[in-house]
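Undergrad: Mind having a look at this structure? Questions to follow.
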Amino acid sequence: MELKLVYRVLRQLSQCSLNFYSEILVEGQENVPPSGPVILVACHPNEIMDIATLAVTIPHSRSIGFWAKASLFKNPVLRAILESASSIPVHRSSIKAEQGSPAEGPPKDHTQYLFRETFASLSAGGVIGLFPEGTSYTHPHLPALKTGAARVILEYARWQMENNQKESTKPLVVVPVGIVYTDKSRYRSKVALPRYGRPIHYDGIAKLYLAPSDNVPHSSELEQVKRLTAEIERCMRELTLNAPSWDDLHCATIARDIIFERLELSLQQYLSVTQGLIDHVSNSALVNSEARTVLLGYHSLLYHTGISHSALVNLYPTMKFPSRYEALSVFLKQLRDTVLHPRFWFFLPPCFVFAPAYIVGFLGKRYLGSPVGQETWAQFKAVLGGLAFGITSVLLSRKLASMVSVYLPTVIWSSSVPSVPLPSYAGSTIALAGTVAVAYVSTHAFLRWQDALVAGT
C-alpha cells in the first residue's frame, strides 16, 4: 500500500486551512465509489481553497491527483512536493492546442505526456481532479468550460479500447462537483459543500467519438467533445448557484435576507432558496424595474456601509427612519453594552493572540491578492494568517513552557521516583515533553476559545 506521506501532510494542512470557514456540509458522498478510476470535474471559484476542500471532503478519504499549471513545477522544491502529491503538470500550450488555437512550443508532446500520466493514474484505480473552467474566477454564474476535461475522458476510453483494458479494469466514473460559498473571502463564514453529483453518463458519446467517421457521418471528434463538455457544464450548473448578472444575484440575495430576516437558513435551504429567488428576479415578467432598482439601491447602501440587513433590523426593528438623536442614542447604547458585556472581556485574550494573524492575513489579501478577484483573497488570508498564528503560538508556547519547565521536571520525577535524584538527561527530556504538551494544549485552547466567541458574536 502506498504511503503517500507528502499527500497526507498536505491534506492535514488543508484541513487546517479550512478552519477559515465555520461550517462545511458535504452532499452526495454516495456518488463517489470507494475504489476504481474516478475523474472529479469541479467548479473553481476559490483558488487553492477549492483544492483543499476536495482533498479533505472526498468520500472514503481517497487521494486526488490534480492537474496543475506547469509553471509551478519550475521550482525544484515545489516540483518535488507536487510530484509526491501525484499532481500532473498542464502546459497552457497543450490546452490551446486542444482547442485548436495556435500555441508556442511542442504542444503535442505536452498533451501526450499529460494524457499518459493521467491514464496511468486512472488505470491504477486513482482519482483525478479537474477544474474544467481552466482558471479560478469570481462571477455570478459558472463560466464557459474548456474542452480539456471532455477530451481526456474520451481519450481514456480510446486508450482502454486500444490496450484491451475495457474488460480488465473498472469503468471510469465521472463525478461533477459543485462548490458553493456563502462568502468565500470572509473568515468563519459558511461553505456549503462540496456537492458530489450523480455520475455523468458518457457511454453514448464515447461510442460516437470512437466510431470511424465514414461509418457514422457528422460525428466528428470535435463535435462529440463539445457534446460532452456541454453535458458536464449542465451537471455542474445544477450543483452551483447561477445568476444571469450581478444585478440579479444582488437582488436575489437582499430579497432572501429580507424575507428570512428572522430565520437562519440551513445550507441546503440557502442554496435552494437563493437559486429560486434568482430565477424569480431575473424574470422581468415577475419583477418590475422599480422593484429591482429599490433592491439594488438597498444592497449598495448595505455594502458600502459594511452592515448586514439582519444587523440593521436588530438596531431599528420598527423600520422607522431614525433621527440624528435616535441614531446617536443607539450607537452609545451599543457601545455601552459591548464594553460592559462579559463576552467583551473574555474576547480580549484570544484577540491579542490572533491579532498578528488578522493583520498579516489582511495585508496579504490587500497587497498580494487581486484588487477585484475575490477568488485570491481567502487563500492569502488562510495561508498567511495561519502562518502568523503558528509563529505566535510557538513564541507563546515557549514562554509558557519556560514558566512551567522550572518546576515540572522536579515535580514529576520526585512524585514517581522520590528516592533517586533527578538525572540531567531526565530533566531535559521531561522539559521537552512538557514544552510540546504546553504548545499543543495552549494552541488548541486558544483556537477553540476564539472560534466559540466569533461564532457567538
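The values are calculated or read from the model by the stated rules, or taken from the named source; none is laboratory data. Bear in mind that the values here come from a model prediction, so they are computed numbers and not experimental data. Cβ sites come from the backbone with ideal geometry, for glycine too, and all protein chains shown count toward neighbours. What goes into the accessible areas is simple: the full protein's heavy atoms, side chains included, and nothing from ligands, DNA or RNA. Shrake-Rupley method; radii C 1.70, N 1.55, O 1.52, S 1.80 Å.
Undergrad: Between the range 299-350 and the range 21-71, how many Å separate their Cα centres?
TA: 39
Undergrad: What are the aspartates and glutamates whose alpha-carbon lies under 19 Å from the alpha-carbon of LYS69, with same-chain residues fewer than 8 places away excluded?
TA: LYS69 reaches GLU47, ASP50, GLU83, GLU98, GLU104, ASP109, GLU117, GLU133, GLU375.
Undergrad: Ignoring ligands and nucleic acids, what accessible area does TYR7 show with a 1.4 Å probe (Å², nearest 10)?
TA: Answer for TYR7: close to 10 Å² accessible.
Undergrad: With every protein chain kept in place and ligands, DNA and RNA left out, what is the accessible area per residue of the chain? Probe 1.4 Å, answer in Å².
TA: Solvent-accessible surface per residue comes out at 56 Å².
Undergrad: Ok, one more. For every other residue with a beta carbon closer than 9 angstrom to the beta carbon of ARG292, add +1 if it is Lys or Arg and -1 if Asp or Glu, then tell me the sum.
TA: For residues surrounding ARG292, the net value is -3.
Undergrad: Report, by chain and number, residues whose modeled amide H sits under 5 Å from the one on LYS69, excluding near sequence neighbours (fewer than 5 apart, same chain).
TA: The list, which skips near neighbours in sequence, is VAL90.
Undergrad: With just the Cα atoms of the range 272-397, tell me how far they stretch along each of the three principal axes, in Å, largest first.
TA: 61, 39, 27
Undergrad: Relative contact order for the range 232-353: what is it in percent, counting Cα pairs under 8 Å that are at least 6 residues apart?
TA: 25
Undergrad: Could you give the length gained by full extension between ARG343 and GLU83, i.e. 0.36 nm per residue of separation minus their alpha carbon distance, to one decimal place?
TA: 88.9 nm is the gain from fully extending ARG343 to GLU83.
Undergrad: If you take the square roots of the eigenvalues of the alpha-carbon gyration tensor of the range 326-380 and sort them as a ≥ b ≥ c, do you get rounded (a/c under 1.5), prolate (a/b over b/c) or oblate?
TA: Values: a/c = 4.37, a/b = 1.76, b/c = 2.48.
Note, shape of the range 326-380 comes out oblate.
Undergrad: Moving to a separate point now. Please give the peptides 235-248, 76-89 ranked by average Cβ packing (other Cβ atoms within 10 Å per residue), highest first, as a rough proxy for protection.
TA: So the peptides 235-248, 76-89, ranked by packing, come out 235-248, 76-89.
Undergrad: Heavy atoms of the protein only, probe of 1.4 Å, neighbouring chains included. What is the accessible area of THR429 in Å², nearest 10?
TA: Accessible surface of THR429 is approximately 80 Å².
Undergrad: If packing is taken as the mean number of other Cβ atoms within 10 Å per residue, what is the order of 181-190, 335-344, highest first? Provide the component values of the computation, followed by the final result.
TA: Numbers: 181-190: 17.7, 335-344: 10.2.
Sorting 181-190, 335-344 by mean packing, highest first, produces 181-190, 335-344.
Undergrad: Which one, [x] 42, 32, 22; [y] 45, 37, 18; [z] 29, 27, 24, gives semi-axes √(5λ) of the Cα gyration tensor in Å as derived from the coordinates shown?
TA: From the options [x] 42, 32, 22; [y] 45, 37, 18; [z] 29, 27, 24, the structure gives [y].
Undergrad: For the chain, what does the relative contact order come out to in percent, with C-alpha contacts under 8 Å and a separation of six or more? Could the numbers behind the result be given before it?
TA: Numbers: 572 pairs, mean separation 73.9, N = 457.
Computed over the chain, the figure is 16 percent.
Undergrad: Take each of the peptides 320-328, 109-117, 445-453, 35-43, average the number of other beta-carbon atoms within 10 Å over its residues, and list them starting from the highest.
TA: Details: 320-328: 9.9, 109-117: 16.7, 445-453: 15.0, 35-43: 22.0.
Result, highest mean Cβ count within 10 Å first: 35-43, 109-117, 445-453, 320-328.
Undergrad: Run the accessible area of the range 112-178 with a 1.4 Å probe and give the carbon-and-sulfur part as a rounded percent.
TA: Ligands and nucleic acids excluded, carbon and sulfur reach 51 percent.
Undergrad: Quick one: length gained pulling ARG237 to ALA452 fully straight, 0.36 nm per residue minus the C-alpha distance?
TA: 73.9 nm
Undergrad: Now, a different point. With labels modelled as points extended 7 Å from the Cα through the Cβ direction, what inter-label distance (nm, one decimal) is found for LYS333 paired with GLU30?
TA: It works out to 5.1 nm between the two label points.
Undergrad: Classify the range 1-75 as rounded, prolate or oblate from the Cα gyration tensor: take a ≥ b ≥ c as the square roots of its eigenvalues, call it rounded if a/c is under 1.5, otherwise prolate when a/b beats b/c and oblate if not.
TA: It is rounded, given that a/c, with a ≥ b ≥ c, falls under 1.5.
Undergrad: Right, next: Spin-label point model (7 Å from Cα, Cβ direction): what's the ALA311 to LYS207 distance in nm?
TA: Placing both labels 7 Å beyond Cα along the Cβ direction yields 5.9 nm.
Undergrad: Nearest 20 debye, what's the magnitude of the dipole of the chain about its Cα centre given +1 on Lys and Arg Cβ and -1 on Asp and Glu Cβ?
TA: The dipole of the chain has a size of about 1200 debye.
Undergrad: First measure r as the distance between the Cβ atoms of GLN12 and ARG198, then evaluate 1/(1 + (r/R0)^6) with R0 = 30 Å and state the FRET efficiency to the nearest 0.05.
TA: The computed FRET efficiency comes out at 0.50.
Undergrad: Further question: Counting only helical runs of four or more DSSP H residues, what would the 222 nm mean residue ellipticity of the chain come to if each run contributes -39,500 (n - 2.57) and the total is spread over all its residues? The partial results should precede the final answer.
TA: Numbers: 17 runs with 265 residues, N = 457.
The per-residue figure over the chain is -19000 deg cm²/dmol.
Undergrad: Enter the Cα centre distance for the pair the range 123-196 and the range 230-250, rounded to the nearest angstrom.
TA: 16
Undergrad: Name the shape class, rounded, prolate or oblate, that the alpha-carbon gyration tensor gives for the range 129-205, where a ≥ b ≥ c are the square roots of its eigenvalues, rounded holds for a/c under 1.5, and otherwise prolate holds if a/b is larger than b/c and oblate otherwise.
TA: Prolate.
Undergrad: For the pair THR293 and HIS444, what calculated FRET efficiency results from E = 1/(1 + (r/R0)^6), where r is the Cβ-Cβ distance and R0 = 35 Å, to the nearest 0.05? Could the numbers behind the result be given before it?
TA: Working: r = 50 Å, r/R0 = 1.44.
Calculated transfer efficiency: 0.10.
Undergrad: Cut-off 19 Å, label point 7 angstrom out along Cα-to-Cβ of ASN164: give me the residues of the range 111-131 whose amide nitrogen falls inside.
TA: Once the point is set 7 Å along Cα→Cβ of ASN164, 123-124 turn out to lie under 19 Å by backbone N, inside the range 111-131.
Undergrad: In whole percent, how big is the carbon plus sulfur part of the accessible area of the range 219-302, probe 1.4 Å, protein atoms only?
TA: Of all accessible area on the range 219-302, carbon and sulfur atoms account for 56 percent.
Undergrad: To continue, here is another question. Using 0.36 nm per residue of separation minus the Cα-Cα distance, give me the extension gain between LEU363 and LYS4 in nm, one decimal. Don't skip to the end; give the middle numbers.
TA: Values: separation 359, 0.36 × 359 = 129.24 nm, distance 3.42 nm.
Going from the current span to full extension adds 125.8 nm.
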